[in-house]
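Here the structure is laid out as structure tokens; the discussion comes afterwards.
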Amino acid sequence: MAARVLNVNVGVLGHIDSGKTALARALSTTGSTAAFDRAPQSRARGITLDLGFSCLRTALPPQLGPGPGELQFTLVDCPGHASLIRTIIGGAQIIDLMMLVIDVTKGMQTQSAECLVIGQIACQKMVVVLNKIDLLPEGKRQSAIEKMTKKMQKTLENTKFSGCPIVAVAAKPGGPEAPESENPLGVSELIEVLKSQAYLPSRDPSGHFLMAVDHCFSIKGQGTVMTGTILSGSVSLGDNVEIPALKVTKKVKSMQMFHTPVTYAMQGDRVGVCVTQFDPKLLERGLICTPDSLHTIHAAIISLKKIQYFRGALQTKAKFHITVGHETVMGRVMFFSPAPANFSEEIQENVFDFEKDYLYQEEYLSKDSVSSEGNKENDQAGEVQLPKQQWALLEFEKPVTCPKLCLVIGSKLDTDIHANTCRLAFHGVLLQGMEDKNYTETFLPKLKVYKQKHKEGQVERVMDDYSVIGRSLFKKETNIQIFVGLKVKLSTGEDGVIDGGFGQSGKFKIRIPDGLKPDTKMVLTAASKKKSKGGKGDMTKEDENSKNDSAQPVTISLVFKRYVFDTQKKMIQS
């Protein structure tokens, strides 16, 4: 029986030119097909353009169980170039442990900060690697390393990686041009730290097979090989797999893990799957899966959290780059929250309840957003109450293929890449996808998101004890008929019902079922007398003052809600 091999995926992330590829090379014993900037455009530009993979094998450390076996670290070298952040986001979803590579002479840079944000969203454990220590003068090297270590500890203090190991290395002393005979510094210590941080990631072979393919190429006489990481389920020789983006199904002819033939692979494994009669040019990267197990969606409901380092508000109707799985597409967002009465209610995770009512928000509610509709209602107490959970409707510019409950990241990748600012705006979980192209007609009407409407007008005059005439609530051209029967409240406390229009100028009649209070009648009669008196000749100064004191207009307020996706635009009052 072959000794067991435990695979742990380690992401190598960091700012461009922090030496990630050199570090991966110094750590690796076996390079995979995608490793070490093999792509011609990567070599020409001297930067990593795509996820590179290689592996490092070492004896199984005692904390990972008894018996013989090997621990395999699959190193995922993520590009550090700003415009390639979408590739990093795709890579972060398959990572168990992250190495954040920092150029010791420069410290944290814009992309190192973004990598840290992605790590916090997608990863449980991290090791910080201070690289290029060979560039520090030997006499001052130790104190410079200690200073940078302290700085990094402070940066990580308020993140989930607080107190994580920090290791100093020189992956390629002398830089890229130095001879290969130069031995790296600190790499064996780093391997020991990685071993101490390794854990048994929870792996589950059950469920549908799903694999994120990051490279596709043909081998003469063999077929086409798709390499990637299995996100869920398992795959065996002879299985049928679907390429959902192309609606094509193929049979698995052979499989390899780092040049070793295998007959079975499961969640977390890095594997090459060989199929026949498939043109590799059709699939650079994407997903393959159990036939019919994935959905192609045009829109989605997600639960989400704003990323604290993102500056500025998240506005409804704004467009973001939405990363779902290995795809990044443009999408428009609409934010909504629980109804204000339910702001503090515990929400069941990863489930969306279509029976409930939700409040439309002009922007994602956070401590900085003051102008939200929900907050106006909650603001009386003086402190702004925020809901425990918020959601968004995402509408994609082109359909995406993804599993349910997958990670979603929204970013503003069109921000100037040289601006020192975090471009990642929010992250969330995809709760419900909409597969129907006509989802606006077939699906959205089920989504009960409402806007709270509040109109104000004034009482013009009394007709009798049980009715008044109002104005300024509607425009002249409004069809008042649709408002008949809606309840209104007078500022003097009476409840009324809109009875119908009055004349042609947008005035209307209100019935007061319980009758007007005597005080109200007095105020209104005084006001209308003043009006008619005001018409006769000029007012004296005294009259002017007494008018301001007593004749505060009686206002009418009409409050109703309207569901955003209700085709009939019905007005609803509780």
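Assorted remarks:
- Using the Cβ-Cβ distance between S206 and K521 with R0 set to 60 Å, the FRET efficiency from 1/(1 + (r/R0)^6) comes to roughly 0.20.
- Whole-number accessible area per residue in Å² for the stretch 119-168, which is evaluated in the context of all protein chains at 1.4 Å: 56 Å²
- Where labels lie 7 Å past Cα in the beta-carbon direction, separation of T105 and N438 in nm: 6.4 nm
- Heavy atoms of H259: accessible area, 1.4 Å probe, square angstrom to 10: 110 Å²
- Taking other residues whose beta carbon is less than 15 angstrom from the beta carbon of I512, and scoring Lys, Arg as +1 and Asp, Glu as -1, yields -1.
- These residues, T525, T323, go from largest to smallest accessible area, 1.4 Å probe, as T525, T323.
- Gained length - T296 relative to E146, 0.36 nm times residue gap less alpha-carbon distance: 48.9 nm
- Per-pair calculated FRET efficiency, R0 = 35 Å: E138 and R57 via Cβ, rounded to 0.05: 0.60
- In this label model, V559 and E477 are separated by 3.1 nm, measuring between points 7 Å along each Cα→Cβ vector.
- Remark on V12: its backbone amide H falls under 5 Å from those of V76, D77, C78, M99, a criterion applied only to residues 5 or more positions apart or on other chains, H modelled at 1.01 Å from N.
- Three principal axis lengths of the stretch 140-262 [C-alpha, angstrom, descending]: 60, 40, 25
- Accessible area of the stretch 210-289 belonging to carbon and sulfur atoms, whole % at 1.4 Å probe: 54 percent
- Distant-in-sequence amide contacts of C402, defined by a placed amide H-H separation under 5 Å and a gap of 5 or more residues or a different chain, comprise H295, I297.
- Counting only protein heavy atoms and a 1.4 Å probe, the stretch 210-289 has 44 square angstrom of accessible area per residue.
- Computed over the stretch 431-490, the P(r) curve from all C-alpha pair distances, binned at 10 Å from the origin, holds 15, 33, 19, 18, 11, 4 percent per bin.
- Per residue, the convex hull spanned by the Cα atoms of the stretch 210-289 measures out at 77 cubic angstrom.
- Of K453, K253, K569, the residue with the largest accessible area leads and the full order is K569, K253, K453 (1.4 Å probe).
- Residues Q552 and D414, FRET efficiency given R0 of 56 Å [Cβ-Cβ distance, rounded to 0.05]: 0.60
- Extending 7 Å from Cα along the Cβ direction at E182 and again at L64 yields two label points whose distance is 3.1 nm.
The values are calculated or read from the model by the stated rules, or taken from the named source; none is laboratory data. Just so you know, these numbers come straight off a predicted model, no measurement behind them. Ideal geometry is used to build each Cβ from the backbone, glycine not excepted, and the neighbour counts take in all protein chains shown. Accessible surface areas use protein heavy atoms only, side chains included; no ligands, DNA or RNA. Shrake-Rupley method; radii C 1.70, N 1.55, O 1.52, S 1.80 Å.
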